[in-house]
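The values are calculated or read from the model by the stated rules, or taken from the named source; none is laboratory data. In this text the structure is predicted, and so the values were computed from the model without any measurement. Cβ placement follows ideal geometry from the backbone for every residue including glycine, while neighbour counts extend to all protein chains displayed. Side chains are part of the model used for accessible areas, which takes the heavy atoms of the whole protein and leaves out ligands, DNA and RNA. Shrake-Rupley method; radii C 1.70, N 1.55, O 1.52, S 1.80 Å.
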Amino acid sequence: MTATIIAVANYKGGVGKTESVYRIGLQWAMRGQCPLLIDLDPQANLTRRCGAAVYSGYHVGAVLGGAAPSTATLTQAAQKIDLGDWLAWIVASDIQLENVAVGLLQRNFNRLTALANAIAEAGNIGGPILIDTPPNAGVLTLNALVAASHVVVCADPEEDAIAGVRRIQEIVGEIDRERGVAPRILGTIATRVDTILTRHAEGLAALKAAGMPPLLGSIPKRAGQDADRWLNEAYADVAERIWREVGHA
């Protein structure tokens with residue numbers, strides 16, 4: 001069975017990509033699916049969110065290698081984490097990933113397939129893979145999109161984030177034209193939605209417009225002591241829909 005590899009992306013930052021990877025991973029871990037989370041952002045927000053740390057120099061940059069050969073396999077770099085009381089895995093990030101990205105651009109060949117090759121070499125890891133991507137269309141994001149079987153786009157209902165959804169669509173189209181194969185865009189998660197705001201209502205309408213990816217769910221903007229519960233409930237529906245969409249009935 002082909003591995004389920006989902007890149008969570010947007011050209012714009014601050015739209016909830018990391019939180020979405022964490023919450024979807026949590027929901028899948030609760031169901032015993034034991035996901036592998038890959039933090040492909042040098043800011044390492046997902047790594048910190050999961051309470052993980054780089055150990056023995058094994059982080060995602062060591063797996064990719066940059067201009068030099070890799071010094072770790074995906075399975076060597078993966079570490080167990082507890083999402084709540086449930087088991088998952090993470091390949092941590094590190095600020096050194098910025099230098100790795102520069103090194104990847106210096107390769108003559110395979111600069112966009114380093115992650116895909118590492119995942120293929122790891123074989124059957126047993127669970128779905130979720131990739132948190134940087135807020136840009138650089139070489140790391142392109143590696144994630146080339147490696148992925150599916151893409152989920154995150155966007156708050158603001159103009160710049162909605163433009164970022166369209167940019168991800170364009171990039172996936174470019175990958176398809178250049179390689180003859182591309183990940184399937186499952187849809188968009190609308191994040192940090194405040195229905196009181198007129199511009200957010202208009203933004204949601206724009207995300208549902210013709211030509212845009214299907215809307216997978218709307219995550220309300222929450223704060224306070226009940227925010228965690230509200231977010232888990234909202235992401236439970238999104239995680240279930242994504243699970244069905246990738247063919248796990």
Over the range 66-220, equivalent-ellipsoid semi-axes from the Cα gyration tensor in Å: 30, 20, 14
On average, how much accessible surface per residue is there in the range 2-63, in Å², for a 1.4 Å probe, leaving out ligands, DNA and RNA? 31 Å²
Over the chain, relative contact order from alpha-carbon pairs under 8 Å, at least 6 apart, %: 25 percent
Under the Karplus relation with 6.51, -1.76 and 1.60 and θ = phi - 60°, whole-Hz ³J(HN,Hα) for the range 225-234, x at Gly and Pro, equal 5, 9, 4, 4, 5, 4, 5, 4, 5, 5
Can you give the relative contact order of the range 83-184 as a percent, counting alpha carbon pairs under 8 Å and 6+ residues apart? 23 percent
Long-range amide H contacts for Ile5: which residues qualify at under 5 Å (H placed 1.01 Å from N, peptide plane, sequence gap of 5 or more or a different chain)? Ile129, Ser149, His150
Relative contact order for the range 68-142 using alpha-carbon pairs under 8 Å, separation at least 6, rounded to a whole percent? 27 percent
In square nanometres and to one decimal, what's the mean projected area of the convex hull around the Cα atoms of the range 127-173? 3.5 nm²
Added length on full extension, which subtracts the Cα-Cα distance from 0.36 nm per residue, Thr75 to Glu202: 41.3 nm
Can you tell which of Gly123, Gln106, Leu46 lies farthest toward the positive end of the dipole of the chain, using +1 and -1 charges on the Cβ of basic and acidic side chains (Lys, Arg; Asp, Glu)? Gly123
Tell me, what % of the accessible area of the range 72-223 is carbon and sulfur with a 1.4 angstrom probe? 48 percent
As a test of the formula, what do you get for the chain when each DSSP H run with n ≥ 4 contributes -39,500 (n - 2.57) and the sum is divided by the residue count, at 222 nm and rounded to the nearest 500 deg cm²/dmol? -12500 deg cm²/dmol
Determine, for each peptide in 82-94, 135-147, 208-220, the mean count of other beta carbons within 10 angstrom over its residues, then list the peptides with the highest first. 135-147, 82-94, 208-220
